[in-house]
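The values are calculated or read from the model by the stated rules, or taken from the named source; none is laboratory data. None of the values given here were measured: they were computed from a predicted structure. Methodologically, a virtual Cβ is constructed for each residue, glycine included, from the backbone with ideal geometry; neighbour enumeration extends over all protein chains shown. Each accessible area value is taken on the protein alone, full model and side chains, heavy atoms only, with ligands, DNA and RNA left out. Shrake-Rupley method; radii C 1.70, N 1.55, O 1.52, S 1.80 Å.
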Amino acid sequence: MRIAIIGGGIGGLSAALQLLKPGFDVHVYEQAAAIGEIGAGIQISPNASRLLVRLGLNPAMDKVSVRPLAVHQRRWDDGRTLERAPLGPEVEAAFGAPYYHFHRGDLAELLGTVVPAERLHVGHKLLDLIQKCERIVARFENGASVETDLLIGADGIHSRVRHLLFGPEKPRFTGCVAWRGLVPAERIRHLCIEIASHSWLGPDGHVVHYWVSGGRMMNVVCVVEPGEWTQESWTDKGEVAEVLGRYEGWHPIVRGLIGAFPETLIWALHDRLPLPRWSDGRVTLLGDACHPMLPMMAQGAAQSIEDGAALAASLTTRPGDVTGALVRYEEVHKPRATRLREASATNRKRFHLPDGPEQQKRDEALATSGDRSIANIGWLYRHDAAQVV
Ligand SMILES: Cc1cc2nc3c(=O)[nH]c(=O)nc-3n(C[C@H](O)[C@H](O)[C@H](O)COP(=O)(O)OP(=O)(O)OC[C@H]3O[C@@H](n4cnc5c(N)ncnc54)[C@H](O)[C@@H]3O)c2cc1C
């Protein structure tokens, strides 16, 4: 069966690899002139890493990633530990796959190199598609057109495929603005930052940081609300002085990291209302195209990788029944993506509580039961999207 994937981001590329494995005839069409992601970090938890490991990518992933030892949630001003939970060998032993930190560019390049070159078509921006009986014709801005038996829109939050299937609807500004910085290790050695995923929770904002690129750089994301910036772009430059101003009074490590930014990029966080369904006939969606979510569970890309596995499993077990396989893909995977979307929105509120009774209740819960303990995170990390068919 011929499968066209629109979009060569982490979701589209990992879906291509998972669909090529059982023998589907897969081609990826990406609008950009080359595969790659703009500099920032990404955390890949065991529910997604096990799917990449299964593709034999672990030696390549080990070369460019960092494996954090722990997740450390701290208070914004005095740095007190609210929760510290394992992410290293204990998590790998419990869930059978490692927790990784990547520079996005490293992960995208790694995935793009493994997809056979003749199956990767850059410079192909989808304009249009027509479904006729059991085939689909996709037309691209460069004048090319292709015929396929199944088309998957993995074209991100501004998905053209979603628009063509379900009509126009703009992503919504969530009110949160994020600044990103990538800090070379030599600039922050004096801060002695452990190889872990660090989250600092405070009033109207939080900061997440972790090592990437084999420990050569620290990825830092600072999220605040309400934010005035409403543009969503990976390349808009922000002002380091403005970020420092928003984090006045925060712990010296947080301010030390921000102060060490060589530059900062700013973007507004958007989401969309959930779709009642993801597929129409022989066309479906995956990743941010169908379930964009706030980053407060660090699961958007992980879910897009799971989508590819769920699709591959459903199509493989239903040969000749593409529409049935798409229905099943949604049945098994949509509730999970929806749960994570909602959990991300809840975390936004929890992370940004002003100091007071609600914050104290949150901190007590983090200290006693903890949301990242092996027992409490099992529902998320243990899931194997390829097995639920
Ligand atoms: C601050 C922040 C931190 C995050 N941290 C994490 C994290 O730690 N872990 C995690 O799992 N997730 C994280 N996420 C979420 C994650 O970044 C996204 O969910 C993920 O990148 C979505 O991947 P995707 O492949 O679906 O879409 P995208 O990455 O947006 O890729 C879409 C691709 O489609 C292409 N495209 C678009 N339109 C067309 C067209 N018409 N024709 C052809 N090609 C097209 C684009 O060029 C792009 O390459 C984070 C998000 C943010 C904002």
*Principal-axis tilt of helix 322-351 within the chain, Cα atoms, nearest 10 degrees*: 10
*How many lysine pairs in the chain, separated by 8 or more positions in sequence or lying on different chains, have Cα atoms less than 26 Å apart?*
10
*Alpha carbon centre of region 216-291 versus region 20-61: separation in Å?*
22
*Going toward the positive end of the dipole of region 94-182, with +1 on Lys and Arg Cβ and -1 on Asp and Glu Cβ, which of F173, L120, F102 do you reach last?*
F173
*asked:* Can you compute the charge dipole magnitude of the chain about its Cα centre, using +1 on each Lys and Arg Cβ and -1 on each Asp and Glu Cβ, nothing else charged? Give it in debye, rounded to the nearest 20.
replied: 500
*Magnitude of the charge dipole, region 214-288, Cβ model with Lys/Arg +1 and Asp/Glu -1, debye to 20*: 340
*Accessible area in square angstrom per residue, the chain, 1.4 angstrom probe*: 41
_Between 0 and 90°, nearest 10: helix 300-317 axis offset from the chain longest Cα axis_ = 30
_I'd like the accessible area for S369: 1.4 Å probe, protein heavy atoms, all chains in place, Å² to the nearest 10._
70
*Mean projection of the alpha-carbon convex hull of region 60-181 over all orientations, in nm²?*
12.7
*Round to the nearest 10 and give me the degree value, 0 to 90, for the angle of helix 357-368's Cα axis relative to the longest principal axis of the chain.*
80
*Label E342 and D77 with points 7 Å out from Cα along Cα→Cβ: what is the distance between them in nm?*
3.4
*Which ³J(HN,Hα) values, rounded to whole Hz and listed in residue order, are derived for region 99-111 from phi using the Karplus coefficients 6.51, -1.76 and 1.60 in 6.51 cos²θ - 1.76 cosθ + 1.60 with θ = phi - 60°, glycine and proline given as x?*
9, 10, 10, 10, 6, 4, x, 5, 5, 5, 5, 4, 5
*For the chain, convex hull of alpha carbons as volume per residue, Å³*: 129
*Using a 10 angstrom cutoff on alpha carbons, build the Gaussian network for the chain and name the most mobile of G96, G23, G205.*
G23
*asked:* With a 1.4 Å probe and all protein chains left in place, how much of the accessible area of the chain comes from carbon and sulfur atoms, in whole percent?
replied: 53
*Which residue fluctuates the most in the chain, going by a Gaussian network model with Cα springs under 10 Å, if the choices are P184, P226, P203?*
P226
*Along each of the three principal axes of the Cα atoms of region 1-139, give the extent in whole Å, ordering the values from largest to smallest.*
60, 33, 29
